[in-house]
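Asks: Provided herewith is a single structure, encoded as structure tokens, for subsequent inquiry.
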Amino acid sequence: MPKEHALDFERLCREHSLAATHQRRIIFHAVTASPGHYSPEQIYATVRAQIPSISLATVYKNLKTFIEAGILREVSPHHGTLRVDPNLEPHHHLVCRICKSITDIGAKFLDPVRVRRAPPGFNIEQFSVDILGVCSKCARKH
Ligand SMILES: [Zn+2]
Ligand SMILES: [Zn+2]
């Protein structure tokens, strides 16, 4: 496990007034160890190797806590199933409609996206664009 993650985690927890517990550290590392957009089940499988007694519900609850604290991001909350995203930089997603894979693309791949105006009373915190299509792996199979 790269050392920066441990340092980041302590700092992030301090900045977001979250207790940096052992359990949370392991869950956070499972999400951030390699880039991706993981489901709670995938993270649970990783975390269980280190904390065999942990439950999926506990992993899920902690992921929600991280998201609420702003330490992790949720990919497209309206899609129904939770996928967490450790990439907090502004970016967008390529979503394959066949295998459901999600790939980050930086803002430079899109024309500048700007929110011109939000309806009165709506407070914008972040936005991202989902580009739906078929990934290269799936395209080769069809
Ligand atoms: Zn695909
Ligand atoms: Zn992402």
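The values are calculated or read from the model by the stated rules, or taken from the named source; none is laboratory data. Note that the structure is predicted; figures quoted are calculated from it, not measured. Note: ideal-geometry Cβ built from the backbone for every residue, glycine included; neighbour counts use all protein chains shown.
Asks: Scan segment 42-51 and tell me whether some residue there is assigned to a loop (DSSP other than H, G, I, E, B), out of contact with any helix residue (DSSP H, G or I) (no Cβ under 8 Å at 6 or more places or on another chain) and surrounded by fewer than 12 Cβ atoms within 10 Å (Cβ to Cβ).
Replies: Step one: filter segment 42-51 for residues assigned to a loop (DSSP other than H, G, I, E, B), giving 49-51.
Of the ones still in play, those that are also out of contact with any helix residue (DSSP H, G or I) (no Cβ under 8 Å at 6 or more places or on another chain) are 49.
Adding the requirement that they be surrounded by fewer than 12 Cβ atoms within 10 Å (Cβ to Cβ) leaves 49.
Within segment 42-51 (the criterion being assigned to a loop (DSSP other than H, G, I, E, B), out of contact with any helix residue (DSSP H, G or I) (no Cβ under 8 Å at 6 or more places or on another chain) and surrounded by fewer than 12 Cβ atoms within 10 Å (Cβ to Cβ)), the answer is yes, since at least one residue qualifies.
Asks: Oh, and also: Across segment 50-71, what is the number of residues that are modelled with pLDDT under 90 and within 16 Å of Ser39 (Cβ to Cβ)?
Replies: 0
Asks: For residues in segment 72-90 being within 16 Å of ligand 1 (Cβ to nearest atom) and within 9 Å of the chain's Cα centre (by Cα), which is nearest to Glu125 (Cα to Cα)?
Replies: Taking segment 72-90 first, the residues within 16 Å of ligand 1 (Cβ to nearest atom) are 75, 79, 83.
With the extra rule that they be within 9 Å of the chain's Cα centre (by Cα), the set shrinks to 75, 83.
Numbers: Val75: 14, Arg83: 18 Å.
Only one residue fits best here, namely Val75.
Asks: Among the numbered conditions (1) surrounded by fewer than 13 Cβ atoms within 10 Å (Cβ to Cβ); (2) in contact (Cβ under 8 Å) with a residue 12 or more places away in the chain; (3) assigned by TED's automatic domain parsing to the domain that holds Val129, tell me where Ser101 comes up short.
Replies: (1)
Asks: On to the next question. Considering only segment 37-48, I want to know if a residue exists there that is within 13 Å of ligand 2 (Cβ to nearest atom) and at pLDDT 85 or above. Spell out how you get there, then give the answer.
Replies: Of the residues in segment 37-48, the ones within 13 Å of ligand 2 (Cβ to nearest atom) are 37-38.
Cutting the leftovers down to at pLDDT 85 or above gives us 37-38.
Within segment 37-48, one or more residues are within 13 Å of ligand 2 (Cβ to nearest atom) and at pLDDT 85 or above.
Asks: Please specify each residue of segment 6-35 satisfying the condition of being modelled with pLDDT under 90 and either exposed (fewer than 11 other Cβ atoms within 10 Å of the Cβ) or not in a helix (DSSP H, G or I) (or both).
Replies: Matches in segment 6-35: Leu7, Ala33, Ser34, Pro35.
Asks: Sticking with this one: Among the numbered conditions (1) modelled with pLDDT under 85; (2) within 22 Å of His16 (Cα to Cα); (3) among the charged types (D, E, K, R), tell me where Glu74 comes up short.
Replies: With respect to (1) modelled with pLDDT under 85; (2) within 22 Å of His16 (Cα to Cα); (3) among the charged types (D, E, K, R), Glu74 is out only on (1).
Asks: Scan Ala69, Ala107 and give me the residue that is surrounded by 14 or more Cβ atoms within 10 Å (Cβ to Cβ), more than 16 Å from ligand 1 (Cβ to nearest atom), in contact (Cβ under 8 Å) with a residue 12 or more places away in the chain and assigned by TED's automatic domain parsing to the domain that holds Ser136. Write out each step before concluding.
Replies: On the way: Ala69 fails: assigned by TED's automatic domain parsing to the domain that holds Ser136.
Exactly one residue qualifies, and that residue is Ala107.
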